[in-house]
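Chemist: The structure that follows is given in the form of C-alpha cells.
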Amino acid sequence: MTLGQLVADTGVRLAAAGCVSAQAEARWLVEEAAGLEPGRLALLAGEQAGPGVQARLEAMAARRAAGEPLQYVVGWAPFGPLRIAVGAGVFVPRPETETLAERAAAHLRGSPGRVAVDLCTGSGAIACYLAAEVAGARVLATELDPVAVAWAVRNAEPLGVQVLTGDLDAPLLAAVPELAGRVDVLTANVPYVPTGQLTLLPSDVREHEPAVSLDGGPDGLDVLRRVLGLAGRWLAPGGWILCEIGDDQGPAAVALAAEAGLAGPAVRADLVGRDRILEGQWRPATSRERGIPLAGSPTTLD
C-alpha cells in the first residue's frame, strides 16, 4: 500500500470517528508513522509503505479514533518555529497563542533588562518561544500541576528557561525575590473557560486535557484577576503584561486590568481575528514622578 493510500484510508476512518479535519490529521499521522518532515508526504505519496509504517500508523490511528487528542498521539504540537513535546496531563498549545508569544517577544526585545516570566506555563510553549526568539533573554516559568511541570522542564530547560513549581508567583517569591520590580514582560495563558461551559468543549479536550488548565471559575476570570493583581509586584516601570482570554471576555478583562493599575489596557486579535490577548503596561506613579522613560505609548499599541 502506498503512503497516499494510507492517508486516504486513515482519513475515512477518522471521519467516521467524528474528526472534523480528518484528512489533515491523517496526513500528519502518516508523516509521523513514516518519519517524514511536515510537507514531505506530498512528494512521496506514491512510495510504498513498509510493514513498520503501517503498524505504527494503525496504533496511532486507533488512539485518535478513540478520542485522544491528535497532539498527544504524535507527541508534539507546533508552536511558531518550535516543536513542543506534549502528552497526557498537559494542555496542548494552540495556534492562537502564537500571537501572544510574538507580541511578548517584540516587547522583550525592546526592553532594557530582557527578563520575562511566564505564569501558568503548562507545556512551557510561551517561555520556550521567548527564549528561542529573544537573544540574551532571561526567561522563567511557573506551573502548579506537577505533571505539566515535567513537560515544561522537558521543553524549556534545553533553551535555558528556569522552570519553577508552584502557584502563580509563589515560587518566584521563594526562589528569585530579587526580580520583584525588574521583570520586563509577564505572560500568562490563564484558564479562562467558565466552569459552566466546560461541558461544551470538544470531547477530546474535555476528557483528556487537564481541567486545571481550562476552568477559569464561574465567569472564567478567576485566575486572570489573580495574575493582574501580581503585575505591580513584578513588572519594572514600563514593563508589559500579556494574558490570553476568551474571545468574549475583552471588556471585562480591560476593566480588570485598569483596576489593577495597568495603563492603556487593550485587547488584541489572534490569527483568525478573534479578541484573544489582553495587553497592558505597568506605569506606577513613582516612575512618572521620577521621569523614568517608558517603552512605547499604551495608547498606540499595534
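Where a number appears in this text, it was derived from the coordinates with a stated rule and is not lab data. All figures in this text were calculated on a predicted structure; none of them were measured in a lab. Neighbour counts run over all protein chains shown; Cβ positions are idealised from the backbone, glycine included.
Chemist: Each residue of the stretch 154-159 in turn: what ³J(HN,Hα) in whole Hz from Karplus with 6.51, -1.76, 1.60 and θ = phi - 60°, glycine and Pro shown as x?
Modeler: Karplus-based 3J(HN,Hα) across the stretch 154-159 equals 4, 7, 8, 4, x, 9 Hz.
Chemist: Using modelled amide H (1.01 Å from N, peptide plane; none on Pro or chain starts), what sits under 5 Å from the amide H of T187, excluding residues fewer than 5 places away?
Modeler: Excluding prolines and chain starts, which carry no amide H, the hits are V117, D118, L119, L242.
Chemist: What whole-number distance in Å separates the alpha-carbon centres of the stretch 261-283 and the stretch 177-249?
Modeler: Using only Cα atoms, the two centres lie 13 Å from each other.
Chemist: Which residues among the stretch 76-117 fall inside the zone where the amide N is under 14 Å from a point 7 Å beyond the Cα of D247, along Cα→Cβ?
Modeler: 95-97
Chemist: Quick check: pseudo-label points 7 Å beyond the Cα along Cα→Cβ at A150 and A174, how many nm apart are they?
Modeler: 1.9
Chemist: Between R206 and R274, what FRET efficiency follows from the Cβ-Cβ distance if R0 is 22 Å, with the result rounded to 0.05?
Modeler: 0.60
Chemist: Helix 22-34 versus the longest principal axis of the chain: what is the Cα-based angle in degrees, 0 to 90, to the nearest 10?
Modeler: Compared with the principal axis, the helix lies near 80 degrees.
Chemist: Hey, what angle do you get for helix 51-65 against the long axis of the chain, alpha-carbon based, 0 to 90 degrees rounded to 10?
Modeler: Taking the Cα atoms of the chain, the angle to 51-65 is about 60 degrees.
Chemist: Okay, next question. How high is the relative contact order of the chain, given as a whole-number percent (alpha carbon pairs under 8 Å, six or more residues apart)?
Modeler: Relative CO of the chain lands at 13 percent.
Chemist: According to a simple spin-label model (label point 7 Å from Cα along Cα-to-Cβ), what is the distance in nm between L43 and Q197?
Modeler: Placing both labels 7 Å beyond Cα along the Cβ direction yields 4.3 nm.
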